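Asker: Next up is a structure, given as structure tokens.
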Amino acid sequence: MDEPLNIFDQIKRIPFLTPSLATKLIKLVGGDRVIDLLLHIPIAFINKKTIKDGKVGDTVFGNVQILRHAILKNNNISINCMADDGMPFDFIFFNSFSNYPFRHFPIGTKHYIKGRIFKHRSIAHPEKIVSQDEYPVYSLTYGISQLVLFNLLKKVLDNVANIDDWLVSDDECPKFIDAIKILHSTDLENEKKKLYCVWRMMKYYLISLN
């Protein structure tokens, strides 16, 4: 991008967004400006459980390689995989009337996924996600996955300009956008001292709108 984004820019004017995705984001965040998107903060942070440690009913995470595709009865699709620890298992997509599983998990490719174990060595409807020890969970709407929203917010935060320094009252407080980044960070335990500054930034932001 040649120029940084401004927090008051319209979401539809973000250059790396498609019109369809922009419309869905506006509906999701309840506003049409970049700042509305940035204030769509995580509702939770989840510690990851590996595939080998998971039991039936657990949501697990891991690196996998896709080995084979198979079409089962009742439009179910099975994708045979190998975890990075050498354990074989299957992805199962129930009532799949499209080629979505085949397009998103081609044979021979490797992915970092999360999914729920519904029976021994079988994961139902896995999702490709970002590989890290802990990850944020956002509220979503139809057509926007956790991975899409995570990557989008990261890109916007990397390309948005900080608010003028007059919004910061002392050197101990981060600038406004840096404070927003803290709210999206999984490392909140080490940032507790800065959380007061974050909410103070919110107050200054609201004042600046008047």
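All of the numbers you see were taken from the coordinates with simple rules; none came from a lab. Treat the numbers as computed from the prediction; the structure is a model and nothing was measured. Neighbour counts are summed over all protein chains in view; Cβ atoms, including those assigned to glycine, are modelled from backbone coordinates with ideal geometry.
Asker: Net charge near residue 22: determine it from the other residues with C-beta under 15 Å of the C-beta of residue 22, scoring Lys and Arg +1 and Asp and Glu -1.
Answerer: +3
Asker: Further question: Taking 0.36 nm per intervening residue step and subtracting the Cα-Cα distance, what contour gain separates residue 107 from residue 119 on full extension?
Answerer: Roughly 2.0 nm would be gained on extension.
Asker: To continue, here is another question. Roughly how many debye, to the nearest 20, is the charge dipole of region 85-155 about its Cα centre, given +1 on each Lys and Arg Cβ, -1 on each Asp and Glu Cβ, and no other charges?
Answerer: So the dipole magnitude of region 85-155 works out to roughly 160 debye.
Asker: How would 111, 104 line up from fewest to most surrounding beta-carbon atoms within 10 angstrom?
Answerer: In increasing order of surrounding Cβ atoms, one gets 104, 111.
Asker: Related question: Find, among the chymotrypsin sites (Phe, Trp or Tyr not before Pro) in region 45-137, those assigned to loop by DSSP (not H, G, I, E, B) with at most 14 other beta-carbon atoms within 10 angstrom.
Answerer: 94, 97
Asker: Return the ratio Rg/(2.2 N^0.38 Å) for region 49-128, where Rg is computed over Cα atoms only.
Answerer: Rounded to two decimals, the normalised Rg is 0.98.
Asker: What is the list of residues in region 102-117 whose amide nitrogen lies under 13 Å from a point 7 angstrom out from the Cα of residue 58, following Cα to Cβ?
Answerer: From region 102-117, the list is 115-117.
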